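Trainee: My questions all concern the structure below.
The values are calculated or read from the model by the stated rules, or taken from the named source; none is laboratory data. Not measured: the values here are computed from a predicted model. Please note: Cβ atoms are built from the backbone with ideal geometry, for glycine as well, and neighbour counts cover all protein chains shown. These accessible areas exclude ligands, DNA and RNA; they are computed on the full protein's heavy atoms, side chains included. Shrake-Rupley method; radii C 1.70, N 1.55, O 1.52, S 1.80 Å.
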Amino acid sequence: MKTRNLNKPVNIAVVGATGEVGQALLSILEQRDFPAAEVRVVASNRSVGKLLEFRGEELAVEDLDTFDFSGIDIGLFSPGAAVSKIHAPRAAAAGAIVIDNTSQFRYDEDIPLVVPEVNPEAIAQYAARGIIANPNCSTIQMVMALKPVYDAVGIERVNVATYQAVSGKGKKAIEELERQTIDLLNGRPVIPTAHPRQMAFNALPQIDVFQDNGYTREEMKMVWETQKILSDDTVRVNPTCVRVPVFYGHSEAVHIETKEKISVAEVRSLLHDFPGVVVIDEQQDGGYPTAVTEAAGHDSVFVGRIREDLSHPRGINFWVVADNIRKGAALNSVQIAEQLLGISDF
Ligand code: 3JN
């Protein structure tokens, strides 16, 4: 692998630029004034020639199949796992450092899986293959809230139920929720295509495909990724992932069992001090964060409803919301890139 000089404005390729995460990558690079000399937008040949706006300019989408990554310093990839499988190693071989948003490389031992506030030290391991994996959205917001408690008193077990927005499934899923909502309000029947069952006015206990053990792959991602990010296979994770009719922002009800007893006040204070986390926990009507009112369009992970588990001597419960497309995907990738450049500021 070639080495890159990252002490100068860098050349960036956004791969999968026309998707939900790709679009967010562009707007976050712009908002954070990322020191990019050049930004190229790359996607499948269906989108070639489409124009995307960046820093007041129109960028024409280029064809991933023929795109030459030499000259690219950092590739921000979100094209789907099967596509990353082919093109991320090709980009890395050409000398780019790839930050990949798909599940393709997350579980490979020699690929770091990084949430910059949680395990920034893992980034250095990118040198082996030139690829850094970005975790799944549900994992990212959960480990942001677990980490300060884990460091303080250890965590034995995590029970989590997610309430995930349709944007996690992409543009077609967003459009289907819009269409179904309108159809149902107008008394018309709905025929699901993007979601496995009716999505509007409903909750679906399935995200991604079923595994042999009866869990879905989204649920198993939360198990595998939490253990890898915390570098601790002894943390037991028991997830149920549910899709809800929300457009942007995932919510999670998290129940943890700690190794040593910790008070609610201590947990609140640890979370308050943790970078990237905002605590809203007023124990009155509406005194908690929600996906739509706090998370959507914002960068922080919001935590509320912090309380003792009445059924366990070392149990703590809380509620976590975050924008699944920003901190759950694009923002986390850009923060990894900032770490590579030594310009992170949390
Ligand atoms: O559904 C969600 O809310 C998150 C989905 C993420 C997702 C969707 C399709 C394929 C992923 C992911 O990031 O894990 C993948 C994948 O790369 O396997």
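Trainee: Among the strands (runs of 3 or more DSSP E) lying completely within the stretch 30-148, list those that include at least 1 residues that are buried (at least 22 other Cβ atoms within 10 Å of the Cβ).
Mentor: Values: elements: 36-43, 51-54, 57-60, 74-77, 97-100, 131-133.
So the answer is 36-43, 74-77, 97-100, 131-133.
Trainee: Further, regarding this structure: Would you point out which residue out of Leu310, Leu271 is over 15 Å from the mean Cα position of the chain (by Cα), open to solvent by less than 10 Å² (accessible area, probe 1.4 Å) and farther than 24 Å from Glu219 by Cα?
Mentor: Values: Leu310 fails: open to solvent by less than 10 Å² (accessible area, probe 1.4 Å).
Every option except Leu271 fails the conditions.
Trainee: In the set Met199, Met222, which member is of a type in the set (A, V, I, L, M, F, W, C) and outside any helix (DSSP H, G or I)? Break it down stepwise before answering.
Mentor: Values: Met222 fails: outside any helix (DSSP H, G or I).
The unique qualifying residue is Met199.
Trainee: Among the candidates Ala253, Ala296, Ala265, single out the residue that is among the hydrophobic types (A, V, I, L, M, F, W, C), more than 21 Å from the chain's Cα centre (by Cα), surrounded by fewer than 24 Cβ atoms within 10 Å (Cβ to Cβ) and modelled with pLDDT of 95 or more.
Mentor: Working: Ala253 fails: more than 21 Å from the chain's Cα centre (by Cα); Ala296 fails: more than 21 Å from the chain's Cα centre (by Cα).
From the options Ala253, Ala296, Ala265, the qualifying one is Ala265.
Trainee: Might you check whether a residue that is open to solvent by less than 10 Å² (accessible area, probe 1.4 Å), assigned to a loop (DSSP other than H, G, I, E, B) and more than 15 Å from the ligand (Cβ to nearest atom) occurs anywhere in the stretch 227-246?
Mentor: To start, the set of residues in the stretch 227-246 that are open to solvent by less than 10 Å² (accessible area, probe 1.4 Å) comprises 229, 235, 239, 241.
Now drop any that are not assigned to a loop (DSSP other than H, G, I, E, B), which leaves 235.
Filter once more, so that each one left must be more than 15 Å from the ligand (Cβ to nearest atom): 235.
For the stretch 227-246, residues open to solvent by less than 10 Å² (accessible area, probe 1.4 Å), assigned to a loop (DSSP other than H, G, I, E, B) and more than 15 Å from the ligand (Cβ to nearest atom): present.
Trainee: Can you tell me which residue within the stretch 56-83, out of those that are within 21 Å of Ala36 (Cβ to Cβ) and among the hydroxyl-bearing types (Ser, Thr, Tyr), is nearest to the ligand (Cβ to nearest atom)?
Mentor: Out of the qualifying residues, it is Ser78.
Trainee: Name every residue in the stretch 156-172 that is near the ligand (Cβ under 10 Å from one of its atoms) and farther than 14 Å from Val242 by Cβ, in order of residue number.
Mentor: Pass one, the stretch 156-172, residues near the ligand (Cβ under 10 Å from one of its atoms): 162, 164-170.
Ser167, Gly170 - these are the residues of the stretch 156-172 that are near the ligand (Cβ under 10 Å from one of its atoms) and farther than 14 Å from Val242 by Cβ.
Trainee: Please go through the stretch 180-215 and pick out each residue that is within 16 Å of the ligand (Cβ to nearest atom) and surrounded by 19 or more Cβ atoms within 10 Å (Cβ to Cβ).
Mentor: Of everything in the stretch 180-215, those that are within 16 Å of the ligand (Cβ to nearest atom) and surrounded by 19 or more Cβ atoms within 10 Å (Cβ to Cβ) turn out to be His195, Met199, Ile207.
Trainee: Right, another one. Using the structure shown, decide if Val153 is touching a strand residue (DSSP E or B) at 6+ places or on another chain (Cβ under 6 Å), β-branched (Val, Ile, Thr), open to solvent by 10 Å² or more (accessible area, probe 1.4 Å) and away from the ligand (no atom under 16 Å from the Cβ).
Mentor: Values: touching a strand residue (DSSP E or B) at 6+ places or on another chain (Cβ under 6 Å): yes; β-branched (Val, Ile, Thr): yes; open to solvent by 10 Å² or more (accessible area, probe 1.4 Å): yes; away from the ligand (no atom under 16 Å from the Cβ): yes.
Yes, satisfied.
Trainee: Output yes when any residue across the stretch 320-332 is modelled with pLDDT of 95 or more and more than 16 Å from the ligand (Cβ to nearest atom), and no when none is.
Mentor: To start, the set of residues in the stretch 320-332 that are modelled with pLDDT of 95 or more comprises 320-332.
Now narrow it down to the ones that are more than 16 Å from the ligand (Cβ to nearest atom): none.
Looking for residues that are modelled with pLDDT of 95 or more and more than 16 Å from the ligand (Cβ to nearest atom), one finds none in the stretch 320-332, hence no.
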